1. Working only within segment 23-62, note down all residues that are farther than 25 Å from Gly93 by Cβ, among the acidic types (Asp, Glu) and exposed (fewer than 12 other Cβ atoms within 10 Å of the Cβ).
2. If a residue must be open to solvent by less than 70 Å² (accessible area, probe 1.4 Å), hydrophobic (A, V, I, L, M, F, W, C) and part of a loop (DSSP other than H, G, I, E, B), how many such residues does segment 63-98 contain?
3. State the number of residues belonging to segment 48-73 that are modelled with pLDDT under 80 and within 22 Å of His21 (Cα to Cα).
4. Mind counting the residues in segment 15-31 that are assigned to a loop (DSSP other than H, G, I, E, B), among the charged types (D, E, K, R) and either on the phi > 0 side of the Ramachandran plot or touching a His at 6+ places or on another chain (Cβ under 7 Å) (or both)?
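The values are calculated or read from the model by the stated rules, or taken from the named source; none is laboratory data. Given the structure is predicted, the values throughout are model-derived calculations rather than measurements. Cβ placement follows ideal geometry from the backbone for every residue including glycine, while neighbour counts extend to all protein chains displayed. These area figures cover heavy atoms from the full protein model, side chains too; ligands, DNA and RNA do not enter into them. Shrake-Rupley method; radii C 1.70, N 1.55, O 1.52, S 1.80 Å.
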Amino acid sequence: MTTLHHEHPTHQHAHGADCGHRAVPHGDHVDYAHDGHLHREHSGHWDECEPAGHTAHEGHAHAHGADCGHETVRHGDHVDYLHDGHRHAAHDGHYDDH
């Protein structure tokens, strides 16, 4: 899975431990959920942290939902579930890794 490099040029807010936005561990960095998308710090600016392409999470027997016990984060037009250091999103009868 490749992450697109899309700079968020007008981002005046500095994310951090007390910024009020949810911190979401994502691989080797932390994303911050803000206005339905995810930001990550990169080389002195903030990028949108969005995966490129479609990556199905194979062998996912757990069904995510309101009472599944995993935290949720609003992501565009859907909800991602935070699970094992990555985000899962329901898609066509399976879960995608985000």
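1. Asp28, Asp35
2. 1
3. Of the residues in segment 48-73, 4 are modelled with pLDDT under 80 and within 22 Å of His21 (Cα to Cα).
4. Selection size over segment 15-31: 0.
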